[in-house]
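Heads up, the thing below is written out as C-alpha cells.
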Amino acid sequence: MRQLHRLVSDQIMGRLQSEMQDEDVGFTQMTALYKLRAFAPISVTALAEHLGVSLPATSQLVQELVGRGLTERRENPLDRREKLLALSDKGQQFLSVKEKTMISAYSEVFGRVRPETLARAETAINALLDEVYQFSPRSAQQPPAPPEEQL
C-alpha cells in the first residue's frame, strides 16, 4: 500500500495544490468540505472536533465557506438555537471536480497496466472495501460506487 500511495500521491498532491491555489482554498477548508460531506448535517462544534481545530477558528472557517457558497447553515429543527452545516450544491460540485482530479492521477499512474491485471486488482479492492464497510460505524449509509468510480 505504501508503494502505491507514493506512486499516486505525488500526482494527486501536485494537481490539487495547483487547483487549490488557483481557487484560494486552504487545506483545512478542503478537509472541512470532506468532513461536511461525510457527516452532514453537523454542528460547528462537531465539525471543530472532527478537524481538531478550535471553535473560534472553525466558526471563521465556516463563515468563509458559507460566504463562498460552498456550505449552507440551517436551523436545527430539534434545537432552534443550534445551526447545522451541510455542503451546498456548489460545494458538492466543487468536491466532484477535485475527485475527478484525483481519479485522473490514478488513471495516469495505472494507464499502462494490462486490463487483466486491473481486473484482478478491482476484484481484490472490492473485497477489501466490502470488509472495511462491514466494520465501519457508517457502513449502513455507504452507497454503492457509481460506475465511473470503479476501477
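The values are calculated or read from the model by the stated rules, or taken from the named source; none is laboratory data. The structure presented is a predicted model; accordingly, all values stated were derived computationally and were not measured. Backbone-built Cβ (ideal geometry, glycine too); neighbour counts: all protein chains shown. Protein only, heavy atoms only, side chains kept; ligands, DNA and RNA dropped before computing areas. Shrake-Rupley method; radii C 1.70, N 1.55, O 1.52, S 1.80 Å.
Any chance the stretch 17-34 includes a residue that's open to solvent by less than 40 Å² (accessible area, probe 1.4 Å), touching a strand residue (DSSP E or B) at 6+ places or on another chain (Cβ under 6 Å) and farther than 15 Å from Gln92 by Cα? Checking the stretch 17-34: not a single residue is open to solvent by less than 40 Å² (accessible area, probe 1.4 Å), touching a strand residue (DSSP E or B) at 6+ places or on another chain (Cβ under 6 Å) and farther than 15 Å from Gln92 by Cα. Can you name the residue in the stretch 85-112 that is at pLDDT 90 or above and open to solvent by less than 50 Å² (accessible area, probe 1.4 Å) and, of all such residues, is farthest from Val8 (Cα to Cα)? Looking at the filtered set, the residue picked out is Leu85. Within this structure, Pro147 passes the test of being at pLDDT below 85 and open to solvent by 70 Å² or more (accessible area, probe 1.4 Å). Per this entry, Arg81 is counted among residues that are open to solvent by 80 Å² or more (accessible area, probe 1.4 Å), not aromatic (Phe, Trp, Tyr) and not in a helix (DSSP H, G or I). In the stretch 69-85, the residues that are at positive phi reach residues that are open to solvent by 90 Å² or more (accessible area, probe 1.4 Å) and not hydrophobic (A, V, I, L, M, F, W, C) with C-beta atoms within less than 6 angstrom, at least six apart or across chains, in these pairs: Gly69/Lys90. Taken over the stretch 113-135, the criterion of being modelled with pLDDT of 90 or more and hydroxyl-bearing (Ser, Thr, Tyr) is satisfied by Thr117, Thr123. Exactly one of these conditions fails for Phe94: (1) over 16 Å from the mean Cα position of the chain (by Cα); (2) part of a helix (DSSP H, G or I). Give me its number. For Phe94, the failing item is (1).
So that you can scan it fast, the table gives a plain yes or no per residue for (1) out of contact with any Ser or Thr (no Cβ under 7 Å at 6 or more places or on another chain); (2) closer than 28 Å to Glu122 by Cβ; (3) assigned to a strand (DSSP E or B):
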| site | (1), (2), (3) |
| --- | --- |
| Gln29 | yes, no, no |
| Tyr34 | yes, yes, no |
| Thr45 | yes, no, no |
| Arg74 | yes, no, yes |
| Tyr106 | yes, yes, no |
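Out of the residues in the stretch 63-91 that are under 13 Å from Leu36 (Cα atoms) and of a type in the set (A, V, I, L, M), which is nearest to the chain's Cα centre (by Cα)? Looking at residues that are under 13 Å from Leu36 (Cα atoms) and of a type in the set (A, V, I, L, M), I get Leu87. Within the stretch 63-74, is even one residue over 28 Å from Gln17 (Cβ atoms), in contact with a Pro (Cβ under 9 Å, 6 or more places away or on another chain) and surrounded by fewer than 17 Cβ atoms within 10 Å (Cβ to Cβ)? The answer is yes; a qualifying residue exists.
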